[in-house]
Amino acid sequence: LGRAEWIKLFGILFGEETKADSIFASSKKEYLAIKDSVKNATSRPKVITEMLTSGVWFVPGGKSYMAKILADAGAVYPWSNNNDSGSLQLDIAQVLDKASDADVWLIRSSTVSSYADLQNANPLNAKFRAVANANVWVCDPQATTLFEEFPFHPERLLKEYAVIFHPELFHDSNNHKYFTRLKKQ
């Protein structure tokens with residue numbers, strides 16, 4: 001929400017302060033309502049993000065906005081105890097060691113559209129529980145409006161994550177805006 005609050009500055013700069021305040025207030029209200037709706041969920045899936053790229057796996061630090069939104073969506077994040085607010089640069093062995101038992105895997109990529117793509121990217125990807133359980137979700141940032149919307153509407157990404165992690169709590173659990181669940185061939 002802190003990042004989304006920047007819309008207020010843009011409102012001042014463009015003479016639309018009231019409109020910007022209204023957008024932020026609405027975003028904040030919905031964000032807090034979604035966060036509250038998953039607070040008492042009976043399960044807390046373990047979640048990993050991204051994937052190995054050129055020998056490095058960038059994961060959000062434990063104090064990053066992404067770690068915060070995962071927690072707010074009712075997930076357990078393996079690096080939540082880390083004190084970095086930026087990305088951590090890990091190798092696949094480090095990720096496997098800490099997160100091979102992840103229930104959900106979220107990937108932002110325009111090159112992954114199947115489990116075969118994951119296998120071709122690195123055979124060790126098959127070692128993740130999320131792969132074995134067909135619970136890998138991919139967002140193609142070139143085909144969605146994620147990066148255009150998320151900075152000022154974090155409630156939209158929070159809702160997407162909450163629905164993925166806790167579909168039993170949402171009546172629209174099959175309606176995904178950014179992420180698509182990979183299908184087993």
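The values are calculated or read from the model by the stated rules, or taken from the named source; none is laboratory data. Owing to the predicted nature of the structure, the values given are computational and were not obtained by experimental measurement. Note that we place each Cβ from the backbone using ideal geometry, even for glycine, and neighbour counts take in every protein chain shown.
Test of understanding: among ASP103, ASP117, which residue is within 25 Å of LYS177 (Cβ to Cβ), free of Cβ contacts under 8 Å to residues at least 40 places away in the same chain and of a type in the set (Asp, Glu)?
On the way: ASP103 fails: free of Cβ contacts under 8 Å to residues at least 40 places away in the same chain.
Unique residue meeting the criteria: ASP117.
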(request) May I ask you to list the residues in region 134-152 that are surrounded by fewer than 16 Cβ atoms within 10 Å (Cβ to Cβ) and either of a type in the set (A, V, I, L, M) or in a helix (DSSP H, G or I) (or both)? (result) ALA134, ALA143, PHE147, GLU148, GLU149
(request) Kindly provide the set of residues from region 97-133 that are polar (S, T, N, Q), in contact with a Leu (Cβ under 7 Å, 6 or more places away or on another chain) and either in a helix (DSSP H, G or I) or within 15 Å of VAL56 (Cα to Cα) (or both), ordered by number. (result) ASN122, ASN125
(message) Which count do you get for residues in region 67-99 that are under 18 Å from GLU160 (Cβ atoms) and either hydroxyl-bearing (Ser, Thr, Tyr) or modelled with pLDDT under 95 (or both)?
(response) 1
(message) Condition first: crowded, with 18+ Cβ neighbours inside 10 Å, on the phi < 0 side of the Ramachandran plot and touching a Cys at 6+ places or on another chain (Cβ under 9 Å). Can you find one or more residues in region 160-167 that meet it?
(response) yes
(message) Looking at THR111 and the list (1) at pLDDT below 95; (2) touching a Ser or Thr at 6+ places or on another chain (Cβ under 7 Å), which single condition is not satisfied?
(response) (2)
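With the condition kept exactly as written, say whether any residue in region 8-18 is touching a residue at least 24 places away in the same chain (Cβ under 8 Å) and aromatic (Phe, Trp, Tyr).
No, there is no match, as no residue in region 8-18 is touching a residue at least 24 places away in the same chain (Cβ under 8 Å) and aromatic (Phe, Trp, Tyr).
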